[in-house]
Amino acid sequence: MKLSGNTILMTGGGSGIGEALAHRLHDLGNTVIVAGRRREALERAIAGRENMYAAELDVNDAAALADAAARLVGDFPGLNVLINNAGIMRFETLDSARDLADAEATIETNLLGPIRLINALIDHLAGQADAAVINVTSGLAFVPLVAAPTYSATKAAIHSYTVSLRDALAGKVEVIELAPPAVQTGLTPGQETRPGYQPLEDFADEVMGLFKAAPAAPEILVERVGMLRFAEREGRFDQAFKTINDFARQARESR
């Protein structure tokens, strides 16, 4: 991906990974639009930054999303990079019948949301120079967390969708997957300070270093996520599965 001179739409840009990367991309000379549902968080993210804009966007509302995408193209005709970062993570139990509201909301936000937004913008992006779509997945796409089964499954699905999208758009739009490890963000309660998770600023710095070192890479993988990303390829899947799930169980029991 070209690192400067872009007009970038970052979903989930009001906090966490989205905000941190949006700031770094803005610092490189890009126009950045941070999108999300919480106007207050978006305004905080863009405060004091010229050529950084806020756009309220609900990826769960299919009709409103299409209208919002059309308005964004009208307001920012140079839009050439979409970063699908918005997501939610809910803890679930699988050993008895339960209310599926959390599972359904996770699928709606994490899977259908990016698919809908890509669909709404793809014709525009395909006509832009240096166009790119970046889908943020997770190390859990490759080794699932039992306590967050639907989250893990949606990230695996977006990984698969990204592989297909990359082939379908070859020569038209660059398609990149960014798969974070466990990062200290507000994704789940207490995660911002959870021991063993990568500090957010360190993660964002490492990501930008990887973009600069290999701007044409199809995947952006910080060092910490390699344990999960390559577990199956390297014959370590069962051990990686046990390691992350034992860690998660111990963390829950110590609360």
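Any read-out appearing in this document is the output of simple, stated calculations on the displayed coordinates, not a laboratory observation. Remember, predicted model here, so these are calculated numbers, not experimental data. In this analysis, Cβ positions are derived from the backbone assuming ideal geometry, glycine residues included, and neighbour counts consider all displayed protein chains.
A protection proxy built from the mean count of other Cβ atoms within 10 Å ranks the segments 237-244, 97-104, most packed first, as 237-244, 97-104. Karplus-derived 3J(HN,Hα) values for the stretch 243-249, using 6.51 cos²θ - 1.76 cosθ + 1.60 with θ = phi - 60°, are 4, 6, 7, 5, 4, 5, 5 Hz; glycine and proline are entered as x. Here the calculated FRET efficiency for residue 105 and residue 212, from their Cβ-Cβ distance with R0 = 30 Å, stands at 0.25, rounded to the nearest 0.05. A simple rule links phi to the HN-Hα coupling: the Karplus curve 6.51 cos²θ - 1.76 cosθ + 1.60 with θ = phi - 60°, which for the stretch 93-109 gives 10, 10, 8, 7, 4, 8, 5, 8, 4, 5, 4, 5, 5, 5, 5, 4, 6 Hz, with x for Gly and Pro. In the chain, taking the dipole from charged Cβ atoms about the Cα centre, the farthest positive-side position among 251, 5, 81 is held by 251. Take the alpha carbon gyration tensor of the stretch 7-224, find the square roots of its eigenvalues, order them as a ≥ b ≥ c, and report rounded if a/c is under 1.5; if not, report prolate when a/b exceeds b/c, else oblate. Note, shape of the stretch 7-224 comes out rounded. Compared with the alpha-carbon gap, the fully stretched path from residue 66 to residue 39 is longer by 7.8 nm at 0.36 nm per residue.
The packing ranking of peptides 116-127, 144-155, highest mean first, is 144-155, 116-127, where packing means the average number of other beta carbon atoms within 10 angstrom of each residue. Peptides 51-64, 4-17, ordered by how many other C-beta atoms sit within 10 Å of their residues on average, highest first, read 4-17, 51-64. Taking amide hydrogens as placed 1.01 Å from N in the peptide plane, the amide H of residue 219 sits under 5 Å from those of 177, each at least 5 positions away in sequence or on another chain. The magnitude of the dipole of the chain, with charges of +1 and -1 set on the Cβ of Lys/Arg and Asp/Glu and taken from the Cα centre, is near 240 debye.
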